[in-house]
1. Show me 62-70, 24-32 ranked by packing, highest mean number of other Cβ atoms within 10 Å first.
2. Counting Lys +1, Arg +1, Asp -1, Glu -1, what net charge surrounds residue 47 among other residues with beta carbon under 14 Å of its beta carbon?
3. Can you compute the modelled spin-label distance between residue 54 and residue 38, with each label point 7 Å from Cα toward Cβ, in nm?
4. Which GluC sites (Glu not before Pro) in the range 82-146 pass both tests, a DSSP loop state and at most 16 other beta-carbon atoms within 10 Å?
5. Of all the accessible heavy-atom surface of the range 67-155, with the other protein chains kept in place and a 1.4 Å probe, what percent is carbon and sulfur?
Amino acid sequence: MMGRIPTVLLAICCMGISTQPAAAQEEDVRAAMVEGLAAWSAADFQKLGTFFDAQARGYMPGGSTLLVGFNPQALEGAVSAGMSFDIEPQDIDIRMVGETVAVAVAKVEGVITLPGGVIQEGPWQYSETRVLEGGTWKVVQYHFSSVPVGPGGGLLRP
């Protein structure tokens with residue numbers, strides 16, 4: 001019986017420890033998304049890398065090749081070759097999946113200049129999946145795609 005008392009007390013004490021409310025988690029994810037996309041525009045790939053899991057996977061605008069991993073040196077090389085971002089998220093929507101996974105979507109406005117001077121103008125649809133790792137919401141999956149033009153094109157909202 002004595003062995004059970006510490007276990008019961010521990011369980012009672014743990015019930016009083018609350019996790020961060022979902023609304024606060026959503027705000028943390030929203031802030032991470034905004035800060036990450038701002039880092040793209042500032043070409044601050046070292047900072048941007050702090051928001052990415054080492055094996056993050058995704059697609060960039062107009063890209064058909066799945067990109068795996070995050071390589072700030074490669075991005076800095078692309079900037080040296082003329083790549084630049086001037087992007088800003090709008091209509092951010094976050095869905096928490098438990099306490100450590102979030103799915104975020106947004107419309108992204110702006111301009112991306114590719115090496116060689118090719119300019120791509122938004123808007124784009126952007127989605128990312130983040131997991132909470134060591135207190136930081138890290139991107140594990142992302143996808144940029146053009147917003148369809150014409151009837152039925154664009155982002156749907158309920």
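1. Order by mean packing, descending: 24-32, 62-70.
2. -2
3. Placing both labels 7 Å beyond Cα along the Cβ direction yields 2.9 nm.
4. Those satisfying the criteria are 99.
5. 53 percent
The values are calculated or read from the model by the stated rules, or taken from the named source; none is laboratory data. Since this is a predicted model, take the numbers as computed values, not measurements. Don't worry about glycine lacking a Cβ; one is built from the backbone with ideal geometry, like all the others, and counts go over all protein chains shown. All accessible areas refer to the heavy atoms of the entire protein, side chains included, with ligands and DNA or RNA removed. Shrake-Rupley method; radii C 1.70, N 1.55, O 1.52, S 1.80 Å.
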